[in-house]
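Structure first, commentary second.
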Amino acid sequence: MDAIQTAKDLAVREGILTGTSGGGVLSAAIKLVEDNDFPDGTSILAILADTGERYLSTQLFEDIPIDMTEEEKKLAASTPSCPPPPPGLPEVFPFATKWVQNEIDSHKVVIFSLEYCEFCWTLTGFLDALGVAYHKIDIDSFEYAKDDLGNKYRSALSQLTDCKTFPQFFINGKFVGGAVDACMMWKKKEESSKSDGNALRGMLQKVGIKGGNGNFNDYQGDPFEFLPKWMTQNPLRTQVVIIMYH
């Protein structure tokens, strides 16, 4: 809890937005000073190597209201805004296309994701609740940093799906879409299949995937519970969520 409180204090007092790891580092540095009698003039270096925006759905932000206050709205309106520029991706290389296609073909369920993408967490959290195993590729991870491999694979993936957002979700080689697409498919009843389930359930069952306990853990919840609570379009964002599976 010291790490969380220190991270909050940094944001409020110093305007530094760091996460729990950064808060923990500074908290440890403060305790080091308190527990030791260092000579006058001693400098203690604490490196805060992460940022806070990836923690929006954690305890670090749990006491912050979902909607902006009037003061925050006024402040936001006082500054012009514009969307961030798209990532500068390299050209599409044949070896990258081959690698991406091989990953898709080698697993029944594949998720291309970004490590700190909340919508990627939405999809993995939902599939975990269903007990559906998946092969996840964090395309921005350090594993693919050398020679800009991650961005080369990302270019190839974008060309294949005509989609630039994440996550990108495949079942048996077919591109399903992203997190919201998966949630909507679970909520949507099948029309063309004999399956008595929803569209996503039927798609998984057709390739022999039945999830946890052979019945997707008998999940009875609303998959929107896994969407970020700050998302204004999320109908469950102001509700207390009860996860209805076992």
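The values are calculated or read from the model by the stated rules, or taken from the named source; none is laboratory data. These figures come from a predicted structure and were not determined experimentally. Don't worry about glycine lacking a Cβ; one is built from the backbone with ideal geometry, like all the others, and counts go over all protein chains shown. When the accessible area is computed, the model is the full protein with side chains, heavy atoms only, and any ligands, DNA or RNA have been set aside. Shrake-Rupley method; radii C 1.70, N 1.55, O 1.52, S 1.80 Å.
So here's what we get for this one:
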{"read-out": "Computed over the chain, Cα set: Rg, Dmax in Å", "value": "22.0, 78"}
{"read-out": "Using alpha carbons only: equivalent-ellipsoid semi-axes of the stretch 16-117, gyration tensor based, whole Å", "value": "39, 26, 16"}
{"read-out": "Antiparallel bridge percentage (DSSP; both residues within the chain; nearest 5)", "value": "65 percent"}
{"read-out": "Extension gain (nm, one decimal) between residue 220 and residue 13, 0.36 nm per residue minus Cα-Cα", "value": "70.1 nm"}
{"read-out": "³J(HN,Hα) computed for each position of the stretch 74-88 - Karplus, 6.51 cos²θ - 1.76 cosθ + 1.60, integer Hz, glycine/proline x", "value": "5, 5, 5, 6, 7, 10, x, 10, 8, x, x, x, x, x, x"}
{"read-out": "Efficiency of FRET between residue 51 and residue 147 - r from beta-carbon atoms, R0 22 angstrom, step 0.05", "value": "0.30"}
{"read-out": "Per residue solvent-accessible surface (Å²) - the stretch 1-117, probe of 1.4 Å", "value": "72 Å²"}
{"read-out": "Length-normalised contact order for the chain - Cα pairs under 8 Å, 6+ apart - percent", "value": "16 percent"}
{"read-out": "Residue 64 paired with residue 103, simple spin-label distance in nm, labels 7 Å along Cα-to-beta-carbon", "value": "3.0 nm"}
{"read-out": "The chain, accessible surface, carbon-and-sulfur percent (1.4 angstrom probe)", "value": "54 percent"}
{"read-out": "Proximal charge balance of residue 150 [Cβ under 10 Å; K/R count +1, D/E count -1]", "value": "-2"}
